[in-house]
Structures are given as structure tokens and as C-alpha cells.
Protein chains: 4
Amino acid sequence: MKLKDESKKQAILEKTIDIVFEKGFAGVKMADLARMVGISPSTLYVYYRNKEDLIISISTELIKNVSQRSNKEVKEGLPYKLTLKAVWLYWLNFGVNHSKEMSFLQQLKQSPYYKLIPREIKDEKAKLINDLLELGKKEGLIKKVDNEVLSAVIGSIMGETVKLILAKNIKLNENDNDLMFSFVWDAIKS
Amino acid sequence: MKLKDESKKQAILEKTIDIVFEKGFAGVKMADLARMVGISPSTLYVYYRNKEDLIISISTELIKNVSQRSNKEVKEGLPYKLTLKAVWLYWLNFGVNHSKEMSFLQQLKQSPYYKLIPREIKDEKAKLINDLLELGKKEGLIKKVDNEVLSAVIGSIMGETVKLILAKNIKLNENDNDLMFSFVWDAIKS
Amino acid sequence: MKLKDESKKQAILEKTIDIVFEKGFAGVKMADLARMVGISPSTLYVYYRNKEDLIISISTELIKNVSQRSNKEVKEGLPYKLTLKAVWLYWLNFGVNHSKEMSFLQQLKQSPYYKLIPREIKDEKAKLINDLLELGKKEGLIKKVDNEVLSAVIGSIMGETVKLILAKNIKLNENDNDLMFSFVWDAIKS
Amino acid sequence: MKLKDESKKQAILEKTIDIVFEKGFAGVKMADLARMVGISPSTLYVYYRNKEDLIISISTELIKNVSQRSNKEVKEGLPYKLTLKAVWLYWLNFGVNHSKEMSFLQQLKQSPYYKLIPREIKDEKAKLINDLLELGKKEGLIKKVDNEVLSAVIGSIMGETVKLILAKNIKLNENDNDLMFSFVWDAIKS
DNA sequence: CATGAATGAGCGTTCATTCAT
DNA sequence: TATGAATGAACGCTCATTCAT
């Protein structure tokens, strides 16, 4: 398998996500990863300085990707609750359709690598939801609680919801969407 | 250091929890653990067949302990919401006062060891809350949703809440209790 | 080959010296060394924390050994020149009969490990000769030059002399001894 | 960076000497060297078959350079001791002013590469001093000892002297010159 | 019961070298 | 001539596990 430049980096990224999904961060072995990509272990070190750099770079790339995409879900002019719902649904769908990436990001937060990711990258990911929550609080629509608490609650509900949807192999219909969002909305609305 | 059987097993359990709290499951090294307990690495194999057996046994023991304790919190004759709140508060307090055990159980769920724990043990942990949720649904007080979904939501909110309380070093007062429980109740009530 | 404790450490020491003699410090490979001693590479790490620790420990041991032995060569009551000659001859003989150890110590000085050896160990080795040189200067017998210069000159002459004796397979007789010492004495006498 | 053949070879030579001075022969990494020269590692293989060839070629070049230069220091008609002193001083000055090259040549002698250098090149370096020593012996001025012994003594004293001068940052004045040379002369004179 | 000694299997990483362009 | 990409062969080191005592 002779792939070129960027596509090889892409392959490394994908296979790493696969491994983390199946075996967690501790299961990422450079030799295994290389074999899955179809390259020599030493070739990995052409692209990344070491394992840590590989994980951090891939994490950063992933966070940037999903952050950019979810920003596009915010349409002007919608009522607050619907905007929040749109973002929520986007993330829920993303989580269901990109469960490996979602799993990667969740496991990342509890891995020792998380603290090594540049603050600006982390902030980028949190900015959209934080802005939304601030707006909701200013309009008196949601509980006046620390953003960290609110977004942790939302995030954890979403994570578990995605896991359960996937585990039970449910297709999301309109009713399901409403139900799932009601957990969030009811939890945080004032 | 001369310890009798059971107290040595207890020491192993405690030190393992300490390590998982500080470094996660990947940080549990048989040699380190033995040193912390004050015994030889080979002695660990007198008590447990191998590392997996050690982790599984300790996890099982821990789950049994906390399950038994929370059962005692259910008093007869209280209104439903208050019973649920009592259980919630018990767990919240437990999480705050036994943060290491709590952390262990949370990390366990995402570790490769979780799937190796006997189903009956996992069920035992879930039984109390499942019974409570069934009751609530029968009385029409909470959303008619799969118990797994509901308990996952409750569990995840609690986990994050405990984390935040500990991170911010907040003492729980009556108002905080009410606020935190409102997240849960508002989320699941019908 | 099943050796016990101290004899195994001794075997590691000897084989390490052999390797340094034949291939220099850069040629010391943990796996090679282990094979030569007849143990597993990981067993080396039972005795030494890592390669650096192994080299430093062995160097320290060696320096201590030879320092102690040469101290015994100083007899009271001899004229200064003869005392110096006795020490010199002791070292020359030691160098010829323990050429591997000698080579080890010389190569050590130019290896990156030298700076990691505790100062007190290095001082111990230099103390005897420094004391002798100080005495010689006080009695007006040798050049009033920095001890470091003098001992470097003596040491370098000795090192080269030993090398040449070995290369040419010369047996030392009384005349040779006198000749070799004359290099040193003539160089430093005032 | 566009360099012509010879100047690129010169750059490789200089940077190699720099590396050996700073980190020793074991510290010469083809990739590092290439980066310092401003070329690609593979370009090194356009100029040299492999690392060994590179080291040997550079060593040979260096030996030739310094041999040629010191030959010019021998003026006809001077008394023997002064001729020897002139050569000695030339080398001492060379060692102090070209400490990197000097260090390279000294380290070379103890590196595994030394035995791979053609005998004729080594002889070329020794020829001048050997001729001088032969002359001295014929005139009955210096000890009738093997040239190798004598030149090793002279060389080792010089090496240490240069090291000490550099370490102590001494400027050479007339007295110092005399003192240092006295070590040599006193050692070898008959 | 307890352990000191030993190890095999594996991991992350380095580096001289090759090769198609 | 020059090089970017790739790699095989090592190397230092870790760690769960075994075994004789």
C-alpha cells in the first residue's frame, strides 16, 4: 500500500480513532497502528515526533473539525430553545453517525493526554455552547449556574444518550429527538 | 509488617483504589501496588490469580459494599420525590466523601475490565435505582423511558456534579442540594 | 548458568569491563552484556536501575578498589623520589596486569559518564597523588605547578607507557622500570 | 542554500568536527549533520558511501592538513632543542587555536574508526616528529627509546597541556611556553 | 504463607541507509 | 546532483508473572 502524504496522515488519524474506540487510549500501540495503516513503525515517526505528539495532534485536529462544523448549525433569528435544540441535535446526530470520533473525544477527556492539549483548542470547542448558555441565562430562560456545571450536565446526558442509542440500535425519529432534548431542556431551564 | 489475611486484602483494595484515583487503571502496576501495601509482588499472587483477577475482585467487592449501603437509605412512607432525593443525596454525599471509590467506579466503566465483571454484580448495583424508577413510572411521576437511559442520565449528572463540587471545593448546603437535585428531577419528571 | 547474588554482580562487572576494553563505552549494549553474563537482559535491571546506573556503579566500584590498593604502596620513611617511584611502579604494574581495568578508567574520563560520578569518588582516587605532589613541592623537589597539570602529565605518560608495553609485549625488568620512571621524574622535578 | 561541490564537502567537514567536539564520535548522527550543513541526509550519501567512509575521509583530510602545516615550522640551522621547541610551540598554538580539530584527532585515536585509517596517513602525521627524534638520538641529546614511546609521551603531555590551558583560559606568555616545554624536554632529554 | 530472584514478551524510539523522482 | 519518504534492525527499558526456597 503506497499512499501519498496527506492521505497517509488521514489514514493514521482514522486508524488511531478506530483503536481508541475498540481498546481505549492505553490500547494504542505504535506497532499495531503502523501495521493497520500499512506502514513501518518508524514511518510513524516521520509524521509525529512521538506517541504523545501523535495523540495530541490527532486530538487537536479532531476537535477543530467538529467545532467548525457545529458552529454552522447556529442560524440567526430562531427562538432560543430551538437554537439550543438545533445544536443539541446536531451533536446528537454527529455522535450517532460518528460514534468513534465521539468516543475518542470522551475518552480523551479522562486520559492523561487531555491536559496536554493547548488551552485555546479546548476553548474553541467550548466557546459555542458557553455563548449559548450565557445568552440563555441573560434572557432568564435557564438556571443561573456555572457554565461548567451546565455544559457538563448537557455533555454527560448526550454522551450516555448516544451510547444507549447505539447499543440499542435505535433510529432517531422526531419523537425520540424531542424526548432526548427534553432531558436537557428540563434539566437546565429555570 | 505482619497483617492477617483479611486485613491484607483490605490494604490491597485500598491501595489499588488510591492508585486508580491518582493514575487511572493504566497506572496500576503490580510491583508499585505491592510496594505501597508493604508486601512482595509475588505475595499478590497468593491472593489473586493475576492482575485481571485482582481488579475484578476489588471492583466486585467495592460494588457490593456501596450497593448494600445505599439500600439502607430508603425509608418507608416518604413521598416519591423525597425518597428519590434521599437516595440521590446519599449518593452525592458518598461521592463527595468517598471520591476515590466514586472515581474508581466511574473509571471502571470505561476500562477494559468492566465487561469482565459478572452481570449479577452489575445488576445488584442497579437494582435499587431501577426499582425506584419503575415505581415512579407506575405512579406517572417520571418520564416513561428505558431505565437504562434514565439511570445513565442520573448517574452522569451525579458524576459531573461530584467532580465539580470537589474541583471547586464547595461545601454542600441546603440550597446547593436543592439545586443539584433539581437538575435530576426536572430532567426525568414527566 | 545459575550464579548467586554477589558473584553475579561480579560477573556483570567483569563482562562490562571486557566490553569496554574491546569496543569502548558506546559498545556496551545491555542485551550483549546480559548474554555474556548468561542472564536475561531484564535481570540486569534487577541489579541496576538503568544503563547509566550500571556504568556509574561499576566505575565507582572500580575506582574504589584501585584507590584502596594503591594507598597500601606508600611506606613510611622512604626518600621522596623512591616513594613516588613505588607508587608509579605500582600503577604501572597494575596497568600492565589489569590492562582492561586501566583501559576502562582511561576511557571513562573521556566518556559522558565521567561527569556523573560523585565528586567524592573522583577525589578519593586523586587524593594520594595530590598529597604526594604537595609534599614534593613543599620540599622543593618538583616543579611548582598546578597539581592538575602535574598529575595529568604523569597520568598521560603512564597510560601511553602501559599501552606501548602491552602492544610490544615487553616484560618489565629493573632497567625498564628505571627508564619509564625517569620520564616522569625528569618531567616534573624542579 | 546552494553550495558547490568542494565548499559543501568543506562544510560537512567543519560541522562534523563541531559535533565531535561537542558530543564526541558517538554523537555524530547523519541526520543532525545534514541539518547543520543545510542539506538533506541523503545528500551526504552523494559525497560519502556511508558513515564510516565519511568519518575516515574527514579524518584523513584533517590529518593531511595539519601534517603539511607543521612541516613548514622546521627552519634549517637552528640548534636541536630550539627546533624541537618551535615544533612543539607550533603544535601547542595550533591545539589552542584549533581546539576542535585537536579534540577531533585525539578522540579519533580512541574511537573504533582509528584502526580503519590507512597506515600511510598515520605515518605521514608521525613522520616529522619521528625524523626529529631520530636526529636527537643520533646527536645524543635525547633518551634512546622507541620513537613510539617518545612521541606518545610528547603527544600526551601536549594534549593535557592544551586541555588545561583551555579549561583555565590562560593566555600563553613566554614563561608559560618555557614551563610547558620544560616538561617535554626534561622528560626526553638524555 | 511469603518472597527474592529471574525472565519473556513486548513497547516506544532511534538512526543509518535506500530508492524513486 | 539533490532529496523527501520510507524502513529494517537495533536498543533501552517495563512489567506481569513464575518458581524454588
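A few notes on this one:
- Scanning segment B:181-190 for residues that are open to solvent by 20 Å² or more (accessible area, probe 1.4 Å) and under 15 Å from A:V149 (Cα atoms) returns a single hit, B:S182.
- Residue match in segment A:107-129 (condition: touching a strand residue (DSSP E or B) at 6+ places or on another chain (Cβ under 7 Å), among the aliphatic types (A, V, I, L, M) and touching a residue at least 60 places away in the same chain (Cβ under 8 Å)): no
- Residue check for B:I170: open to solvent by 30 Å² or more (accessible area, probe 1.4 Å), free of Cβ contacts under 8 Å to residues at least 60 places away in the same chain, part of a loop (DSSP other than H, G, I, E, B) and more than 8 Å from every other protein chain (Cβ to nearest Cβ): yes
- Residue tally, condition more than 10 Å from every other protein chain (Cβ to nearest Cβ) and not aromatic (F, W, Y), over segment D:173-185: 6
- Criterion (open to solvent by less than 30 Å² (accessible area, probe 1.4 Å) and under 30 Å from D:E139 (Cβ atoms)) met by exactly one of D:S59, D:S67: D:S67
- Where D:G77 falls short, out of the listed (1) open to solvent by 70 Å² or more (accessible area, probe 1.4 Å); (2) small (G, A, S); (3) not assigned by TED's automatic domain parsing to the domain that holds D:F181: (3)
- In segment B:33-49, the residues that are under 21 Å from B:S59 (Cβ atoms) and of a type in the set (V, I, T) form Cβ pairs under 8 Å with partners that are open to solvent by 50 Å² or more (accessible area, probe 1.4 Å) and more than 8 Å from DNA strand E (Cβ to nearest atom), at six or more places apart or across chains, as follows: B:V37/B:K15.
- Pick from segment D:21-37, criterion of a type outside the set (D, E) and modelled with pLDDT under 95, ranking: farthest from DNA strand F (Cβ to nearest atom): D:F21
- In the set (1) at pLDDT 85 or above; (2) more than 11 Å from chain A (Cβ to nearest Cβ), B:S103 fails one condition alone, (2).
- Single condition A:S57 does not satisfy, out of (1) hydroxyl-bearing (S, T, Y); (2) free of Cβ contacts under 8 Å to residues at least 24 places away in the same chain; (3) away from DNA strand F (no atom under 16 Å from the Cβ); (4) more than 21 Å from A:F183 (Cβ to Cβ): (3)
- Residue within segment B:71-78 that is within 16 Å of DNA strand E (Cβ to nearest atom), free of Cβ contacts under 8 Å to residues at least 40 places away in the same chain and of a type in the set (K, R) present: no
- Boolean, D:G95 is modelled with pLDDT under 95, closer than 30 Å to D:N177 by Cα, within 16 Å of DNA strand E (Cβ to nearest atom) and surrounded by 14 or more Cβ atoms within 10 Å (Cβ to Cβ): no
- Residue within segment B:108-121 that is open to solvent by 40 Å² or more (accessible area, probe 1.4 Å), part of a helix (DSSP H, G or I) and modelled with pLDDT under 85 present: yes
- Scanning segment C:142-158 for residues that are open to solvent by less than 60 Å² (accessible area, probe 1.4 Å) and either more than 19 Å from D:N147 (Cα to Cα) or more than 7 Å from chain D (Cβ to nearest Cβ) (or both) yields C:I142, C:K143, C:V145, C:N147, C:V149, C:L150, C:S151, C:A152, C:I154, C:G155, C:M158.
The values are calculated or read from the model by the stated rules, or taken from the named source; none is laboratory data. Keep in mind that this is a model prediction, so the values were computed, not measured. Virtual Cβ from ideal backbone geometry, glycine too; neighbours counted across all protein chains shown. These accessible areas exclude ligands, DNA and RNA; they are computed on the full protein's heavy atoms, side chains included. Shrake-Rupley method; radii C 1.70, N 1.55, O 1.52, S 1.80 Å.
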